[in-house]
Amino acid sequence: MLGEIKGLNEECGIFGIWGHQESAQLTYYGLHALQHRGQEGAGIITSDGEQLKLAKGHGLINEVFSQHQLEELKGHASMGHVRYATAGDGGYENIQPLLFRSQTGGLALAHNGNLVNAQALKNQLEAQGSILQTTSDTEVVAHLIKRARHLELDQAIAEALSMIKGAYAFLMMTEDKMFVANDPRGLRPLCLGHLGESWVVSSETCAFDIIGATYDREVKPGELLIISDEGVESKRFSAPIQRTLCSMEYVYFSRPDSNLDGKNVHASRKRMGKALAKESPIEADVVTGVPDSSISAAIGYAEEAGLPYELGLIKNRYVGRTFIQPSQELREQGVKMKLSAVRGIVEGKRVVMVDDSIVRGTTSRRIVKMLKEAGAKEVHVRIASPPIKNPCYYGIDTSNSGELIAANNTVEEIEEQIEADSLAYLTPEGLNEAIYEGEESMEHGGCMACFTGNYPTEIYPNTVHPYEKA
């Protein structure tokens with residue numbers, strides 16, 4: 001998969017629907033549209049008004065669920081989750097949605113993001129007698145909700161959410177209600193729509209399209225939605241704060257047919273490519289992009305530079321998760337399982353290779369070498385985002401700074417290491433302008449902590465990077 005090629009992964013995606021008798025089937029299709037957000041595990045839970053029923057497992061959506069299983073998940077309400085397993089976090093018990101049962105009923109939770117104060121809360125809960133069953137941050141919220149048992153459930157959820165810090169888009173469900181919440185800065189995407197008289201919630205709008213639902217609006221930062229047979233009720237659990245949606249959602253993670261915060265992802269990526277061509281022009285013959293997330297930026301670069309865009313790199317779409325890995329000897333002989341250069345396009349040409357990011361540099365070096373082996377005369381690498389210099393604590397696996405090539409090397413040194421004829425990155429200002437089209441530029445912009453080191457929330461002393469959990 002491309003995520004394995006690039007070494008960069010989003011943590012997960014969430015989808016829910018209320019008021020439809022085919023809720024499990026529609027959740028399956030919604031999760032299929034969000035499969036790019038997580039390929040390691042999936043789960044679906046349904047409510048028929050009296051009980052919650054859960055099915056989950058390791059793997060892709062079509063590996064986890066059979067038609068028979070979906071038929072068994074009866075109910076008018078459903079929610080689901082796809083995940084990318086973090087280090088030490090790949091056990092079955094961590095696959096979401098998590099389901100908790102008590103004498104007062106069931107509670108299911110699914111979460112996209114990462115809590116920066118999770119470890120401190122876990123320590124506090126265990127000191128007070130709680131026994132945690134998973135290593136997931138999500139379980140912390142269930143314990144906090146249950147401890148506020150003197151409150152109505154919506155109030156208990158609001159109180160629990162006020163205690164957690166970091167990035168989170170939550171779906172929660174009981175037998176008779178669904179709760180939807182986005183963190184006070186809206187770091188993770190979450191949107192609301194409808195299908196007939198049914199309500200639909202998703203990490204991305206592309207999931208609405210696949211089931212024929214209509215997009216209504218974004219779930220606001222600090223907002224708690226309560227969905228039931230009576231409709232949708234909106235409450236606030238936090239005062240409004242300037243939204244800082246993760247910029248990497250636009251750069252890499254979200255599907256190009258999704259809209260985030262009112263901006264189409266494909267159009268934003270094209271503008272990134274155009275800005276990159278203005279900032280870092282180069283004499284060349286052809287422009288190509290690294291499939292799939294860089295194609296839009298490469299098209300934009302080519303249009304602005306007045307150069308032809310060509311498919312100089314082809315992705316093999318039939319290499320699955322369980323594909324047998326080639327031996328070291330075969331790798332050295334040039335066995336290219338996932339990506340190949342098109343010799344007839346790049347041979348004898350000065351090639352501009354546009355990519356969305358460089359994390360560790362090993363993939364970029366391999367692609368540059370591949371293009372040159374296919375006969376490219378020159379390979380000029382252009383990156384449609386700034387250098388990733390800082391770890392992300394909000395649910396993306398940019399590793400610790402020691403493994404980020406841009407944290408320890410200059411652009412010139414990276415250029416030498418990846419063996420490119422030239423290398424240039426998009427500036428933070430250029431990225432923000434491309435995403436938000438000049439809407440007060442940096443004031444309106446999203447989270448760029450991985451580029452700038454300016455984190456929108458406090459990073460606690462004992463914050464554990466989500467991909468370094470024991």
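Numbers at a glance
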{"quantity": "Computed accessible area, Glu416, all protein chains, 1.4 angstrom probe, square angstrom", "calculated": "140"}
{"quantity": "Size of charge dipole - the stretch 361-434 - debye, nearest 20, with Cβ of Lys, Arg +1 and Asp, Glu -1, no other charges", "calculated": "240"}
{"quantity": "For the stretch 70-207, Kirkwood radius (reciprocal of mean inverse C-alpha pair distance, Å)", "calculated": "15.9"}
{"quantity": "Protein accessible area in the chain, 1.4 Å probe - carbon and sulfur %", "calculated": "48"}
{"quantity": "Solvent exposure, largest accessible area first (probe 1.4 Å, DNA, RNA and ligands not counted), of Thr46, Thr134, Thr452", "calculated": "Thr452, Thr134, Thr46"}
{"quantity": "Area of Phe100 that stays accessible when all protein chains are in place (1.4 Å probe, Å², to 10)", "calculated": "60"}
{"quantity": "Arg269 accessible area, 1.4 Å probe, all protein chains in place, Å² to nearest 10", "calculated": "10"}
{"quantity": "Cα-based Kirkwood hydrodynamic radius, the chain, one decimal, Å", "calculated": "22.9"}
{"quantity": "Val342/Lys278 FRET efficiency (R0 22 Å; Cβ-Cβ; nearest 0.05)", "calculated": "0.20"}
{"quantity": "Linear extension gain, Ser162 paired with Val411, 0.36 nm per residue minus alpha-carbon span", "calculated": "85.5 nm"}
{"quantity": "Förster radius 45 Å - calculated FRET efficiency between His150 and Lys369, Cβ distance, rounded to 0.05", "calculated": "0.10"}
{"quantity": "Reach of Lys220 by Cα under 24 Å, taken over lysines that are not fewer than 8 positions away in the same chain", "calculated": "Lys165, Lys177, Lys235, Lys263"}
{"quantity": "Probe 1.4 Å, accessible area per residue of the chain, Å²", "calculated": "40"}
{"quantity": "Probe 1.4 Å, all protein chains present, accessible-area order of Glu329, Glu279, largest first", "calculated": "Glu329, Glu279"}
{"quantity": "Solvent exposure ordering (accessible area, 1.4 Å, most first) of Tyr84, Tyr318, Tyr168", "calculated": "Tyr318, Tyr84, Tyr168"}
{"quantity": "Dipole of the chain, positive end: most advanced residue of Ser130, Thr362, Val140 [Cβ charges, Cα centre]", "calculated": "Thr362"}
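The values are calculated or read from the model by the stated rules, or taken from the named source; none is laboratory data. Note that the structure is a prediction, hence the values are computed from the model and not measured. Quick reminder, even Gly has a Cβ in these numbers, built from the backbone with ideal geometry, and neighbours come from all protein chains shown. Accessible surface is based on the protein model in full, side chains and every heavy atom, while ligands, DNA and RNA are left aside. Shrake-Rupley method; radii C 1.70, N 1.55, O 1.52, S 1.80 Å.
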